[in-house]
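The values are calculated or read from the model by the stated rules, or taken from the named source; none is laboratory data. Everything numeric in this text was worked out from a predicted model, so none of it was measured. All Cβ positions, even for glycine, are placed from backbone atoms using ideal geometry, and neighbour counts span all protein chains on display.
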Amino acid sequence: MKFPIACYPGMNRLVLDGRTPSPLPRTPGVRGMGIEQALLESNKQWGISPTIHPDALTIVAGQQVGFAGGPLYTLAKLASLVRLKRDLENQGIAVNAYFWLATEDHDFDEVAQLNIPTSLIAREKAVNRQRDLVCIRAVRQAGARAVVGSLPVPESLIAQLLALFDLPRPSWLREGITFRDSFAELIASVSGNEVILVDALLPELRRAGAPLFKEIHAREDEIQRTLHDRALELEAAGYKEQVVPRDGDKYTLLYELNDDGTRQQPGNPATQQPERISTSALTRPLLQDYVLQPDIFLGGPAELAYYAQIAPLHELLGISMPRVALRGHVLVAPARVAKAFERYGLDPCSVFRSADELLAEREPEGVARIRAIAAEAKRELMKRVEQIGELALPADHSLAGSIHRSIGHLEYHANKLAERAIKGLVRKDRERHALVRELVSTLYPDRHVQDRIAGWFAYQVHFPDLFARIVEEVEPDSPVVRIVSL
């Protein structure tokens, strides 16, 4: 089942207006990144044994290293990458698929939380059944701007997750494990060897990016002017820039990492160790494209908006820009719940409202009709009884009592029949309401689109073939949203 992405609440206008397919690029020659061995060794530590082809087409996606895999769209990105890789390989094209781990992000509050569908938690363990999601989180212990990838996953966060599910403690949540390693090992457990994970803080990768860092520093004024000019172009076209300049003046381009991993404004990258330099949201894609030289980048709506903003920088800095493609959009629902679409003739686009709003448009008039029919039947019955009385009473006055008793019995049974019919109809409506309510709470929990907020790990617990099913049905670079029935 699928529906147009235009129905997806809050979809970026740049995505909606730019959904025109373009041909895949030709297979490139040898790239010579120089970090292949380092990538293979880091992946081996996470239980992955990938193969890097020297003359393959390169595709890339990426995501922040969220606790327990983060929200569902993380898995949709990964599945999009695998699906595109398989489709290209079926055409005889060798492919290297990279998944960039945004380990240098410093948004601890976003990384150290997980929203779990209440419906997937045992009833006795759910604290609040009135909400569609249960949120578990941890309080930051490190500095406010410390990069999160190298921070250990808080024990309190792990304890909260395990308390909600009857699971033994997995190795990817072992004591002292970092957010980077925990995320990577969990991803490896579902994707196998098909994807090569790239740690953004890998020393070899930072050293490979050193010339880019120096170029960005040397041409900062030119880059700032280019970004300001691009902002005016986007505004004139009716769009907004994804990243705004700080204090309305300069855009953040690079950071410097202290010994404790805290990000601050950098000095001169020409005199700094490249391992100490961290990219911003605007320069991260530039580093990725400079080092990995991808042919295709698969990203979400916000990431595509980043590329729209920095497109002039690729030409300015001499970096080949990849074909930018939209990741596949996927929502998931247990088969029992997904059947409500067919059973009640629901349009998938209609689920992004409350169940009451959805049913209000489809509420049958059965109760009102039953009462109207019953009232009309009683009026007709009374009319006929009166006619009998008019004919018979003059001949036998003793019939009066029998007529009145009969009227009482007839009214009683007519009312009972109507009541039973109404109860049956209401019972049926309650069943419908319960199932539609569950459908809405699954796909639009707490008024948020499921893939943006609900953690995929909880679904993985109940549906071990989750990733395989998403890979099977996801449609990368397509203007549709797939609803996968589990």
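Quick one: would you say Ala76 is touching a Lys or Arg at 6+ places or on another chain (Cβ under 7 Å) and modelled with pLDDT of 95 or more? Yes; evaluated as a whole, the condition is true for this residue. Screening Gln130 on (1) exposed (fewer than 15 other Cβ atoms within 10 Å of the Cβ); (2) modelled with pLDDT of 90 or more; (3) not charged (D, E, K, R) shows it passes everything except condition (2).
What residue, of Leu173, Leu234, Leu157, Leu205, is surrounded by 14 or more Cβ atoms within 10 Å (Cβ to Cβ), assigned by TED's automatic domain parsing to the domain that holds Thr51 and within 21 Å of Pro274 (Cβ to Cβ)?
Details: Leu173 fails: within 21 Å of Pro274 (Cβ to Cβ); Leu234 fails: within 21 Å of Pro274 (Cβ to Cβ); Leu157 fails: within 21 Å of Pro274 (Cβ to Cβ).
Answer to the selection: Leu205.
Would you mind stating whether Leu40 is out of contact with any Gly (no Cβ under 9 Å at 6 or more places or on another chain) and more than 30 Å from Tyr444 (Cβ to Cβ)? It is true that Leu40 is out of contact with any Gly (no Cβ under 9 Å at 6 or more places or on another chain) and more than 30 Å from Tyr444 (Cβ to Cβ).
Set side by side, the residues Ala146, Ala188, Ala184, Ala138 differ, and just one is more than 25 Å from the chain's Cα centre (by Cα) and crowded, with 17+ Cβ neighbours inside 10 Å, which is Ala146.
Here region 241-260 is the region considered, the condition is being in contact with a helix residue (DSSP H, G or I) (Cβ under 8 Å, 6 or more places away or on another chain) and over 16 Å from Tyr306 (Cα atoms), and the residue that is modelled with the highest pLDDT is Lys250.
Scan region 147-160 residue by residue and report those that are of a type outside the set (Asp, Glu) and within 30 Å of Ala281 (Cα to Cα).
Taking region 147-160 and keeping what is of a type outside the set (Asp, Glu), we get 147-154, 156-160.
Answer for region 147-160, where residues must be of a type outside the set (Asp, Glu) and within 30 Å of Ala281 (Cα to Cα): Val147, Val148, Gly149, Ser150, Leu151, Pro152, Val153, Pro154, Ser156, Leu157, Ile158.
Would a scan of region 205-227 turn up a residue that is at pLDDT below 95 and of a type in the set (Ser, Thr, Tyr)? No, region 205-227 contains no residue that is at pLDDT below 95 and of a type in the set (Ser, Thr, Tyr).
Among the conditions (1) surrounded by 24 or more Cβ atoms within 10 Å (Cβ to Cβ); (2) touching an Asp or Glu at 6+ places or on another chain (Cβ under 8 Å); (3) at pLDDT below 95, His329 misses just one, which is (3).
Matching residues to (1) free of Cβ contacts under 8 Å to residues at least 24 places away in the same chain; (2) surrounded by fewer than 18 Cβ atoms within 10 Å (Cβ to Cβ); (3) in contact with a Pro (Cβ under 9 Å, 6 or more places away or on another chain):
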site	(1), (2), (3)
Ser441	no, no, yes
Ala454	no, no, yes
Ala458	no, no, yes
His462	no, yes, yes
Val474	no, no, no
Val481	no, no, yes
Ser485	no, yes, yes
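Determine if region 75-93 includes at least one residue that is under 19 Å from Tyr306 (Cβ atoms), touching a residue at least 60 places away in the same chain (Cβ under 8 Å) and assigned to a loop (DSSP other than H, G, I, E, B). No, that holds for no residue.
For region 177-198, check the following and say yes or no: at least one residue is at negative phi, among the aromatic types (Phe, Trp, Tyr) and at pLDDT 95 or above.
We begin by selecting, within region 177-198, every residue at negative phi; these are 177-191, 193-198.
From the residues that got through so far, the ones that are among the aromatic types (Phe, Trp, Tyr) too are 179, 183.
Filter once more, keeping what is at pLDDT 95 or above: 179, 183.
Yes: region 177-198 contains one or more residues that are at negative phi, among the aromatic types (Phe, Trp, Tyr) and at pLDDT 95 or above.
Identify, from the list Leu84, Leu78, the residue that is buried (at least 22 other Cβ atoms within 10 Å of the Cβ) and out of contact with any helix residue (DSSP H, G or I) (no Cβ under 9 Å at 6 or more places or on another chain).
On the way: Leu78 fails: out of contact with any helix residue (DSSP H, G or I) (no Cβ under 9 Å at 6 or more places or on another chain).
Step by step, each of Leu84, Leu78 is checked, and only Leu84 is buried (at least 22 other Cβ atoms within 10 Å of the Cβ) and out of contact with any helix residue (DSSP H, G or I) (no Cβ under 9 Å at 6 or more places or on another chain).
Checking the stated criteria, Gly318 turns out not to satisfy the condition of being under 30 Å from Ile52 (Cα atoms), modelled with pLDDT of 90 or more and under 26 Å from the mean Cα position of the chain (by Cα).
Checking the conditions here, which among Ile158, Ile136, Ile187 is in contact with a Gly (Cβ under 8 Å, 6 or more places away or on another chain), closer than 20 Å to Ile453 by Cα and among the β-branched types (Val, Ile, Thr)?
Values: Ile158 fails: in contact with a Gly (Cβ under 8 Å, 6 or more places away or on another chain); Ile136 fails: in contact with a Gly (Cβ under 8 Å, 6 or more places away or on another chain).
On inspection, the qualifying residue turns out to be Ile187.
Within region 42-74, how many residues are in a helix (DSSP H, G or I), touching a helix residue (DSSP H, G or I) at 6+ places or on another chain (Cβ under 9 Å) and not polar (S, T, N, Q)?
So in region 42-74, the residues in a helix (DSSP H, G or I) come out as 42-45, 67-69, 72-74.
Those still in the list that are touching a helix residue (DSSP H, G or I) at 6+ places or on another chain (Cβ under 9 Å) too: 42-43, 45, 67-69, 72-74.
Okay, now just the ones that are also not polar (S, T, N, Q), so 67-69, 72-73.
The total comes to 5.
Which fully enclosed strands (runs of 3 or more DSSP E) of region 225-340 have 2 or more residues being farther than 25 Å from Asp199 by Cα?
Numbers: elements: 254-257, 277-279, 296-299, 323-326, 329-333.
Output list reads 329-333.
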